[in-house]
1. Taking the range B:88-109 as the region of interest, how many residues are at pLDDT 85 or above and more than 7 Å from every other protein chain (Cβ to nearest Cβ)?
2. If I filter the range B:144-194 down to residues being within 9 Å of chain A (Cβ to nearest Cβ) and exposed (fewer than 14 other Cβ atoms within 10 Å of the Cβ), which single residue comes out as nearest to residue B:263 (Cα to Cα)?
3. If you go through the range A:228-240 one residue at a time, do you hit one that is part of a helix (DSSP H, G or I), modelled with pLDDT under 80 and touching a helix residue (DSSP H, G or I) at 6+ places or on another chain (Cβ under 9 Å)?
4. Could you grab me the full set of residues in the range A:191-226 that are assigned to a loop (DSSP other than H, G, I, E, B) and crowded, with 16+ Cβ neighbours inside 10 Å?
5. With the checklist (1) at the interface with chain A (Cβ under 10 Å from one of its Cβ atoms); (2) within 28 Å of residue A:242 (Cβ to Cβ) in hand, flag the one item residue B:232 doesn't pass.
6. Residue check, residue B:114 against (1) without any contact (Cβ under 8 Å) to a residue 60 or more places away in the chain; (2) crowded, with 20+ Cβ neighbours inside 10 Å, all met but one. Which one?
7. Can you tell me which condition residue A:96 does not meet? The list is (1) modelled with pLDDT under 85; (2) under 22 Å from the mean Cα position of the chain (by Cα), and all the others hold.
8. Regarding residue B:231, is this residue free of Cβ contacts under 8 Å to residues at least 12 places away in the same chain and surrounded by fewer than 21 Cβ atoms within 10 Å (Cβ to Cβ)?
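The values are calculated or read from the model by the stated rules, or taken from the named source; none is laboratory data. Everything numeric here is computed off the predicted structure, so don't read it as measured data. Cβ sites come from the backbone with ideal geometry, for glycine too, and all protein chains shown count toward neighbours.
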């Protein structure tokens, strides 16, 4: 063990162990990073280099042709516009509804709050299933409308739990009492005091909902039939996974279509994941925060 | 959710849900005696238990290793990078898997080829399907899942580390005797939640990864419900199958929660 001097030194074994940890983490880093770099590099390479398998790490014969054809694709453009719409409005609706349900549940004076909370959590643990949900959406008349992506999944139970925990721990009842004494109405209290104190949690909710909405495809798959309403992910599915013929290629390119399509896939992957991946490093701490609040009391 | 009564009825579009006649357990019996029942159950359980076996310990190991690193920058970079794949959408993730594992020009087979190994058709081989699903899932979510454990580790009382040092504990002993107990409560909660979800593994990804060659191992209960219910419009039958799935889940969750409460005093409620 460590030689006992003034300071306890690391033993020989410990140093080897630490080196092993660094090697282990470096391997994990490489394994995670390599596919990401490979995709980005491929997206900047020439069609023949991608199809010929000549890309290993860095772009080969760098060009922007993949991006050009991706952005000329009408489906990508429509999908992008739709996804921006769904993400913006969906996030707005979700955050508003979640706050509206979580705040009352966080107040001790709210009648029947534990019963209501149990009811909400129960829906997280047990659901009727796909078909009953589908039939409800159908009965309400939302099938094949934009609302189908905005309303049925507007509230995530997990987010309600996070928001409720935040409200009940960071907005003390004394604050509400004090405002009441000063003649502040409940609504004004929520608007002026609660919301301005809750900016961090609102950011967490908005980010999580926005990423969820941007990446979702399942609701669109079952509820939508009209192409014009499809979000980006659904178009991606047909282009990337089902290899559906995509519009936007001109006649001169037909000989190279096969090669170009292979390249375009990489470019499309980058283009579609870009908004989230660019923003993410800057907002990472909000996500971490959100997870932590949620895990304090599950 | 009340529409789940559909499972016990003979659904008729014109009469509606409440007007349709009751048929009791007819559709449940139909499902239990269907030859696909065994396959679906087996596939669902296999994939999710495999995922649990790989996906539960790896984030913990990652968090423990990261916690040993004192250099701030290296730690931050590893965390940032391992966290990033979580934000890739399912559709894009599946297409990345397909591009990488393509039989002739996928990068994985090219690497195998340069090592002198014959190319493998990963997605066309039913035996490979589970591994492809599970390891891509681990790749995507390990960094994200490690965050909770890192937070738990940050909350460990520093005096415990000092005591361990004074007592001459090696790093490994310190991890085993201080770090692991420190994250145990969080780990138990996450294990409970994971087990509760055993029967409801991600429809989205599996559905996209499916192809006619691998359905023998890739058809799970939720993809089956989707195909039977929405594609074939057999509502009552699909509802019964889905309900069966939900009930099993709830039973598992309650059981594991009870066991955890007994064994470690940690539980969801």
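1. Count: 2.
2. So, considering only residues that are within 9 Å of chain A (Cβ to nearest Cβ) and exposed (fewer than 14 other Cβ atoms within 10 Å of the Cβ), the one nearest to residue B:263 (Cα to Cα) is B:172.
3. Checked the range A:228-240: at least one residue is part of a helix (DSSP H, G or I), modelled with pLDDT under 80 and touching a helix residue (DSSP H, G or I) at 6+ places or on another chain (Cβ under 9 Å).
4. Selection gives A:198, A:216, A:217, A:224.
5. (1)
6. That leaves (2) as the condition not met.
7. So residue A:96 meets the others, but not (1).
8. yes
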